[in-house]
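No value in this document is a laboratory result; all are computed from the given coordinates. In this text, all values refer to a predicted model and were calculated from it rather than measured experimentally. Ideal geometry is used to build each Cβ from the backbone, glycine not excepted, and the neighbour counts take in all protein chains shown.
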Amino acid sequence: MTQYTRDTFDQVMIQNYVPAQFLPVRGKGCRVWDQEGNEYIDFTSGIAVNSLGHCPDEIVEVLKQQSEKLWHSSNWFTSEPTLALATKLVEKTFADRVMFVNSGAEANEAALKLARRYAVDHFGYQKSKIIAFKQSFHGRTLFTVSVGGQAKYSDGFGPKPADIVHVPFNDLAAVKAVIDENTCAVIVEPIQGESGILPASESFLQGLREICDQYQALLIFDEVQTGVGRTGHFYAYMKYGVVPDILTSAKALGNGFPIGAMLTTNEIAKSFAPGVHGTTFGGNPLACAVAEKVVDLISDTQFLQKIQRTSEQFMQKLHQLNHQTGLFKDIRGEGLLIGAELVEQYHGKASEFVKKAAENGLMILVAGPNVLRFAPALNISDEELALGLEKLADTLLSV
Ligand SMILES: Cc1ncc(COP(=O)(O)O)c(C=O)c1O
């Protein structure tokens, strides 16, 4: 046992988080062990990140191999893993070009800056309006919290970037009411994640595509949470059949090794000419080598099909538990991004369920104050799934 405990967090860390009382020290697959050796089934994947589970052998091997070759070289040089990953993303998506960054917020920051710069290049400075959705979440930089639709994240930091309009999600009429020739971009999560696992309707996304084309505005899909297999499709736009102009990805792309990406077309990419935007670490060989292997494993058709079956099992069990407990008002989601909204009586209490689950050896998440969020590894084994669902039943039946 080390000298560091949960109390150390309160002594030396900035208190912008309130982590769980136990400290994970080791993980394998969907199992995690804490300092005392207690075992947990992980239905969180580090918030939709460790999609291949903890320390997957194939990824550990790639990380080890690359760690002995080249970690970092800066943007004055490119690297083989960087180019290999970019080539794969281009082959497997609508995109012609990729830029790598280090997180979801940075990917969105890049996307928003690109959309504004593209508008300046082609139409002039007046075309700067960004339309975003209430309750959306796009990261924690000042630009991305300002575009995100939640005042609790954006207020209290002084003046915000201007010309950003928020309208209700899934409401095409509301978009039509504010879009005009000065709109440079519409940014949307295909499934709103942080605010409660709320899927966009197909007609809404199709409508956004049409209206963006009509006003020469770029359509940005924030797939930071929905991307890289989470919904049972490599990217969620593939399920909806609506192709964005810019797509952002992060979280699962590195299975826990920090990396983000912004994908776009040849035409739009031209607006990021040399020097216009940059990052020291983005696209470093270590992160890209890991992510290339992740992309290989997750984009496999059979792998993606299995996610659908696991999702059905998970949903079925949640519905069954709801019959027994009456705890949920709604159960929704796609693939293994699943939300269960608590009935009114338990509103505001989602995090109490998370604590209770941890006492039963189960890690789960919230998505806002009223929704339990489940995002297990995409390759969770039948045994891990059954065990986790048993622990979930114990948790819900003891309320
Ligand atoms: C949809 C979405 N966009 C952006 C982000 C921000 O990503 P990061 O925390 O890697 O900056 C998140 C994180 O939860 C997210 O869910």
(request) Could you give the C-alpha radius of gyration of the chain expressed as a fraction of 2.2 N^0.38 Å, taking N as the number of residues it contains? (result) 0.98
(request) For Ser128, enumerate residues with amide H under 5 Å from its amide H, sequence gap 5+ or separate chain, H modeled in the peptide plane. (result) Cys184
(request) In whole Hz, with x marking every Gly and Pro, tabulate ³J(HN,Hα) for segment 229-243 from phi via Karplus 6.51 cos²θ - 1.76 cosθ + 1.60, θ = phi - 60°. (result) x, 4, 8, x, 10, 4, 10, 4, 4, 5, 6, 7, x, 10, 9
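Segment 110-189: which chymotrypsin sites (Phe, Trp or Tyr not before Pro) are DSSP loop and have at most 13 other beta-carbon atoms within 10 angstrom? List each step's numbers first, then the result.
Working: sites: Tyr118, Phe123, Tyr125, Phe133, Phe137, Phe143, Tyr153, Phe157, Phe169; in loops: Phe123, Tyr125, Phe137, Phe157, Phe169.
Answer in residue order: Tyr125, Phe157.
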(message) Which one, Val145, Val60, Val90, has the greatest fluctuation when you compute a Gaussian network model over the chain with C-alpha springs under 10 angstrom?
(response) Val60
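Using a cut-off of 12 Å between beta-carbons, work out the net charge of the residues near Val90 (Lys and Arg +1, Asp and Glu -1, Val90 not included).
My count for the surroundings of Val90 gives +1.
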(request) Could you name the lysines whose alpha carbon sits less than 17 Å from that of Lys355, not counting residues in the same chain fewer than 8 places away? (result) Lys391
(request) For the chain, with a Gaussian network of springs between Cα atoms less than 10 Å apart, report the residue from Thr301, Thr265, Thr183 with the top mean-square fluctuation. (result) Thr301
(message) In segment 369-389, whose amide N lies under 14 Å from the spot 7 Å out along Cα-to-Cβ of Gln324? List them in ranges.
(response) 386-389
(message) Using only the Cα atoms of segment 23-147, what are the Rg and Dmax in Å?
(response) 19.5, 61
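Rounded to two decimals, what is the ratio between the C-alpha radius of gyration of segment 184-328 and 2.2 N^0.38 Å? Please report the intermediate quantities before stating the final value.
Numbers: Rg = 17.6 Å, N = 145, 2.2 N^0.38 = 14.6 Å.
For segment 184-328, the normalised Cα radius of gyration is 1.21.
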(message) Amide H of Lys329 versus every other amide H placed in the peptide plane: which residues, excluding those fewer than 5 positions away on the same chain, fall under 5 Å?
(response) Glu341, Leu342, Val343
(request) Sequence neighbours fewer than 8 away in the same chain don't count; with that in mind, list the lysines whose C-alpha is under 21 Å from Lys293. (result) Lys28, Lys64, Lys69, Lys88, Lys92, Lys251, Lys306
(message) Test of the criteria: in segment 171-247, which GluC sites (Glu not before Pro) are in a DSSP loop and have at most 14 other Cβ atoms within 10 angstrom of their Cβ?
(response) Glu181
